Amino acid sequence: MFGAGIGAHYEQTAANGDPLVIHNVPVWLLAETGAVGFLVFLSVGVLITRSLWQQWSSGSQMAGGLLLFFIGAAAMSMAHDLLYQRVIWFFLGLGLGYVQWTESPHRPTLQNEAASSESENQEKT
């Protein structure tokens, strides 16, 4: 349910003289963090992916690129241990920041957005 703990599998196999790394991220998370930790990690990924999908459906190319990256990383994590790669965490942070920025009601408007909304307001009057 809660797993053996982070690093427990490696330590146990190293103690037997043959250190092994689990190269499948979902299996590794299930073994070391259990179902609870896996579901927490999975829920973050699902929330980011869902938000990026909505942004991409609205025409955001940046969200589309991040979405493709996350889908590719998820597929690649089935055969490689990607959680130790810094670039994964960088793009995870980039995705979280982008989703937060686009969904924030208090985000600053860019000059192009402000100019287009002013011209729309003038056309309506």
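Below is a table of values for the structure above.
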| read-out | value |
| --- | --- |
| Given (1) within 27 Å of residue 103 (Cβ to Cβ); (2) in a helix (DSSP H, G or I); (3) at pLDDT below 90, index of the condition residue 59 fails | (2) |
| Criterion (surrounded by 13 or more Cβ atoms within 10 Å (Cβ to Cβ) and farther than 16 Å from residue 99 by Cβ) met by exactly one of 37, 45, 7 | 37 |
| Residue within the stretch 48-55 that is surrounded by 16 or more Cβ atoms within 10 Å (Cβ to Cβ) and aromatic (Phe, Trp, Tyr) present | no |
| Test: residue in the stretch 92-109 that is among the basic types (Lys, Arg) and surrounded by 10 or more Cβ atoms within 10 Å (Cβ to Cβ) | yes |
| Checking residue 75 against (1) touching a Phe, Trp or Tyr at 6+ places or on another chain (Cβ under 9 Å); (2) free of Cβ contacts under 8 Å to residues at least 12 places away in the same chain; (3) in a helix (DSSP H, G or I), the condition it does not meet | (1) |
| Some residue of the stretch 18-26 being surrounded by 12 or more Cβ atoms within 10 Å (Cβ to Cβ), over 20 Å from the mean Cα position of the chain (by Cα) and more than 18 Å from residue 78 (Cα to Cα) | yes |
| Failed item in (1) more than 18 Å from the chain's Cα centre (by Cα); (2) not in a helix (DSSP H, G or I), with residue 82 passing the rest | (1) |
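The values are calculated or read from the model by the stated rules, or taken from the named source; none is laboratory data. Since the structure is predicted, the reported quantities are computational estimates derived from the model, not experimental observations. Every residue, glycine as well, gets a Cβ built from its backbone with ideal geometry; the counts of neighbours run over all protein chains shown.
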